Amino acid sequence: DADRSDPTVTDDLGRTVALERPVERVISLAPNLTELVFAAGAGSTLVAVTSSGDYPPAVDTIDHVSALPLDFEAVARKEPDLVLATDQINPPGDTETFDALDVPIYFFSFSSLDAVFDALRTTGRLLGTEASATARADALEAELTALRSRTDSLSTSERPRVLVLIGDDTLYSFGAGSYVHELVEIAGGRSITDSIDTKAPTLSEEFVLTEK
């Protein structure tokens, strides 16, 4: 939750984060958060993004830092006003090191698709682009509703089996509880990893070939 008039905000881990406003220098430690910052109309605040981030194309002109493992020194050298992280990728225990460095870090947690839209609006409030972020979130929700209306009537047999991978070097995917499965369903498919207990499973080639 973020109120621009309040010097403190509460992140999705329930942590109180102290901010100095305006927030003008931001580092994103996950590709999806980088996209949220741009979607919120605050791309110009980014001084570094994770080394795995390659979208939107504008990130090519922004410095990249390692997030896995996290290069704390590189982050600190950028003197960020705020670091954005997600417990999907970044270890919450890193907050202790950031506290020692006196660098504010805000954690997002995405338990549902609605949480993505909430995060977009929150990003706007954090970075001073609330109107742009809200308008973008509203437009995306409307597009999603329209798509859902076209696919809701599809039977199970009509839906193709879909595998979503984070990368193809190591076969990281999404397990039970991820909003990714909801996206696949809305698009008209069936996710084949939605029943795996692990949040971010590493798949074997055998599994992929067997389940395709």
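The values are calculated or read from the model by the stated rules, or taken from the named source; none is laboratory data. Everything quoted here is computed from the prediction, not taken from an experiment. Positions of Cβ are generated from backbone atoms using ideal geometry, with glycine treated the same way; all protein chains shown enter the neighbour counts. SASA here: full protein model, heavy atoms, side chains in, ligands and nucleic acids out. Shrake-Rupley method; radii C 1.70, N 1.55, O 1.52, S 1.80 Å.
Things worth noting here:
- When the residues of region 31-57 are filtered to those that are within 18 Å of PRO91 (Cα to Cα) and modelled with pLDDT of 95 or more, the one that is nearest to the chain's Cα centre (by Cα) is LEU33.
- Test: SER44 is closer than 24 Å to ASP138 by Cα and either in contact with a Gly (Cβ under 7 Å, 6 or more places away or on another chain) or surrounded by fewer than 15 Cβ atoms within 10 Å (Cβ to Cβ) (or both): yes
- Within region 135-160, the residues that satisfy the criterion of being surrounded by 16 or more Cβ atoms within 10 Å (Cβ to Cβ) and within 12 Å of ILE186 (Cβ to Cβ) are LEU144, ARG159.
So that you can scan it fast, the table gives a plain yes or no per residue for (1) at pLDDT 95 or above; (2) surrounded by 18 or more Cβ atoms within 10 Å (Cβ to Cβ); (3) closer than 25 Å to TYR172 by Cβ:
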| position | (1), (2), (3) |
| --- | --- |
| LEU82 | yes, yes, no |
| ASP87 | no, no, yes |
| ASN90 | no, yes, yes |
| SER109 | no, no, yes |
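- All of (1) open to solvent by 40 Å² or more (accessible area, probe 1.4 Å); (2) within 21 Å of ALA115 (Cβ to Cβ) hold for LEU163 with one exception: (2).
- Criterion violated by LEU171 - all others in (1) more than 18 Å from LEU113 (Cα to Cα); (2) in contact with a Leu (Cβ under 6 Å, 6 or more places away or on another chain); (3) crowded, with 17+ Cβ neighbours inside 10 Å; (4) not small (Gly, Ala, Ser) satisfied: (3)
- Matching residues in region 27-51 - criterion: being part of a loop (DSSP other than H, G, I, E, B) and without any contact (Cβ under 8 Å) to a residue 60 or more places away in the chain: SER51
- Residue tally, condition over 19 Å from LEU120 (Cα atoms), open to solvent by less than 50 Å² (accessible area, probe 1.4 Å) and outside any helix (DSSP H, G or I), over region 54-77: 5
- In region 166-181 there is at least one residue matching the filter, namely being modelled with pLDDT under 95, among the hydrophobic types (A, V, I, L, M, F, W, C) and in contact with a helix residue (DSSP H, G or I) (Cβ under 8 Å, 6 or more places away or on another chain).
- Considering residues of region 183-202 that are of a type outside the set (A, V, I, L, M), out of contact with any Pro (no Cβ under 9 Å at 6 or more places or on another chain) and assigned to a loop (DSSP other than H, G, I, E, B) only, the residue surrounded by the most Cβ atoms within 10 Å (Cβ to Cβ): ASP194
- When residues of region 160-182 are limited to those that are part of a helix (DSSP H, G or I) and in contact (Cβ under 8 Å) with a residue 60 or more places away in the chain, the one farthest from SER52 (Cα to Cα): GLU182
- Among the residues making up region 111-156, those that are modelled with pLDDT of 95 or more, over 23 Å from LYS199 (Cβ atoms) and among the polar types (S, T, N, Q) are THR129, SER132, THR134, THR145, SER149, THR151, SER153, SER155.
- SER5 fulfils the conditions (1) at pLDDT below 95; (2) farther than 20 Å from THR134 by Cα except for a single criterion, (2).
- Any hit, region 145-159, residues being in contact with a Leu (Cβ under 8 Å, 6 or more places away or on another chain), farther than 27 Å from ALA42 by Cα and assigned to a loop (DSSP other than H, G, I, E, B): no
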